[in-house]
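Below you'll find the structure I mean.
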Amino acid sequence: MANSQIESGAPITLQELYPSSPFFMEARSLRVTGLLKGYSVETAIGVIEDGEKSLKINTQHLRDVSFRVGSVYQFIGELHIEPNNEPILQARTGRNVDGIDINLYRKTIELLRRFLEIEEDNRNMVE
Amino acid sequence: MDRSQQNTHAKLMTRDIHRLRPSPTEANCFSLGCISWVSRVETVGTIVSRDMAEKFLKFSIDDGTGCVTCIMWLNQLTSPYFSRFDSSTILLHSRTARRQARDIRIGAVARVRGRVGLYRGGMQITATNVVIERDPNAEILHWLECVRLSRNCYRIQS
């Protein structure tokens, strides 16, 4: 059956975003979460951080989101890889998620991914 | 087939909503993994599109496993379907739907309950209730609940 035309943003951690990763692809739809370390009002570009990893976020298409450095944000959008191989997420949605249990989030997206893979394997075996 | 889920809102991830298959014998009834029948679902996701029409609000939610289109009807005051209700009930339905529609904004996380149906080859939800989630952990808890229910409830043959 046909799915909706909007691409779903795969939930990932910033640690999973490295050049040989399957998520590190031009126009890949992703959902990322991290602490806002910096934000430029002039360029509408922010930088989120999770542990040692950081990612630039282009927020120019977002409305009604106020950015506060030190808060945790979650974005859905498409990855753009610049000529110097630096990734930047072109955000479609963004929201403040202060209070999120980030450890539970990490564990849950791992569990969810494993569950979806097992389900897919079982489905392929039946078909 | 287990019919115990047919009149409850089955908590499903979007990927599973798109995998529902219509019943060959019963209208508005869908099978999940050839074991359970469902007609109503509950899902939680980020609102990624919003399109207001005269009679309805169409929006999509993304739960990380897929996107699903939802329709919220806003024509309670003019639709013949509601003429069997008394005027105060119709007014209440109309106000509730319009209030919920106002809260549906791109980027917010919504818990959507409604009937599933097939429209132009794709599954969609006709929303009867939309609640905007303020808890930043709501989606995580929904994912965990969906995994648990999928393993322990929806796929067990009675």
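Would you work out the charge dipole size for the range A:10-99 about its Cα centre, treating the Cβ of every Lys and Arg as +1 and the Cβ of every Asp and Glu as -1, and quote it to the nearest 20 debye?
240 debye
Moving to a separate point now. For chain A, I need the span (max minus min coordinate) of the C-alpha atoms along each principal axis, in Å, sorted largest to smallest.
Here the spans come out as 54, 31, 29 Å, largest first.
A further question on this structure: For the protein assembly as shown, give the share of DSSP beta bridges that are antiparallel, in percent and rounded to the nearest 5; count only bridges with both residues there.
Just about 85 percent of them are antiparallel.
Report the net charge of residues surrounding B:ILE132, where surrounding means a beta-carbon distance below 12 angstrom and charges are Lys +1, Arg +1, Asp -1, Glu -1.
Here the count lands on +3.
For every helix of n ≥ 4 consecutive DSSP H residues, a contribution of -39,500 (n - 2.57) applies; sum these over chain B, divide by its total residues, and give [θ] at 222 nm rounded to the nearest 500 deg cm²/dmol.
-6500 deg cm²/dmol
Tell me which of B:SER87, B:THR126, B:ILE106 sits at the most positive position along the dipole axis of the range B:69-130, charges placed on C-beta atoms (Lys, Arg +1; Asp, Glu -1).
Going by the Cα projections, it comes out as B:ILE106.
Among B:105-113, A:16-24, B:53-61, how do they line up by average Cβ neighbours within 10 Å per residue, starting with the highest?
B:105-113, B:53-61, A:16-24
Would you please put B:62-69, A:6-13 in order of how densely packed they are, using the mean number of other Cβ atoms within 10 angstrom per residue and starting with the highest?
In decreasing order of mean packing, B:62-69, A:6-13 become B:62-69, A:6-13.
Let me ask something additional. Other chains near B:99-108: what is the mean number of their Cβ atoms within 10 Å of each residue's Cβ?
What the average comes to for B:99-108 is 3.
I would also like to ask the following. Rounded to whole Å and sorted largest first, list the principal axis extents of the Cα atoms in the range B:3-154.
Its Cα atoms span 44, 40, 27 Å along the three principal axes.
Here's something else I'd like to know. Among the lysines, select those whose C-alpha is under 16 Å from the C-alpha of A:LYS53, and discard any that sit fewer than 8 residues away in the same chain.
A:LYS53 reaches A:LYS37.
Expressed as an acute angle from 0 to 90° and rounded to the nearest 10, what is the orientation of the C-alpha long axis of helix A:102-126 relative to the principal long axis of chain A?
30 degrees
A follow-up question, please. Could you work out the local net charge near B:ILE90, counting Lys and Arg as +1, Asp and Glu as -1, over the other residues with Cβ closer than 14 Å to its Cβ?
It works out to a net charge of +2.
Cα atoms only, the protein assembly as shown: Rg and Dmax in Å?
Taking only Cα atoms of the protein assembly as shown, I get Rg and Dmax of 20.0, 66 Å.
Peptide B:60-72: average number of partner chain Cβ atoms within 10 Å per residue?
5
Could you tell me how far the Cα centroid of the range B:104-120 sits from the Cα centroid of the range B:75-100, in Å?
20 Å
Place the peptides A:76-83, A:38-45 in order of packing, highest mean first, counting for every residue the other Cβ atoms within 10 Å and averaging per peptide.
For the peptides A:76-83, A:38-45, the packing ranking is A:76-83, A:38-45.
Any idea what angle helix B:87-103 forms with the longest principal axis of chain B, computed on alpha-carbon atoms, 0 to 90 degrees, nearest 10?
70 degrees
Let me ask something else. List the lysines whose alpha-carbon lies under 26 Å from that of B:LYS11, not counting same-chain residues fewer than 8 positions away?
A:LYS107, B:LYS58
Of the beta bridges DSSP finds with both residues in chain A, what % are antiparallel, to the nearest 5?
Antiparallel: roughly 85 percent of the beta bridges in chain A.
For chain A, modelled as a GNM with alpha-carbon contacts under 10 angstrom, which of A:ARG106, A:ARG63, A:ARG28 fluctuates the most?
A:ARG63
Turning to a different aspect of this structure: Once you average over the residues of A:29-41, how many Cβ atoms of partner chains fall within 10 Å of each Cβ?
1
Calculate the tail of P(r) for the range A:41-101: the fraction of all Cα-Cα distances greater than 13 Å, expressed in %.
Tail of the P(r) past 13 Å holds 63 percent of the pairs.
Another question, then. List the residues, sorted by chain then number, that are 5 or more residues from B:CYS29 or on another chain and whose placed amide H is less than 5 Å from its amide H.
Residues meeting the criterion, in which the H sits 1.01 Å from N, are B:SER23.
Sticking with this structure for a sec: Tell me which residues come under 5 Å, amide H to amide H, from B:PHE56 once H is placed; ignore anything under 5 positions away on its chain.
Excluding prolines and chain starts, which carry no amide H, the hits are B:LEU74.
Just going by the charge dipole of chain A, with Lys and Arg at +1 and Asp and Glu at -1 on Cβ, which of A:GLN5, A:GLY34, A:GLN15 is farthest out on the positive end?
A:GLY34
Near A:GLU110, within a Cβ-to-Cβ distance under 13 Å, what is the net charge of the other residues, with Lys and Arg +1 and Asp and Glu -1?
Around A:GLU110, the charge tally is +2.
Computed from the coordinates by the stated procedures, all read-outs in this text should not be read as laboratory data. These numbers were taken from a predicted model, which means no experiment stands behind them. Note that we place each Cβ from the backbone using ideal geometry, even for glycine, and neighbour counts take in every protein chain shown.
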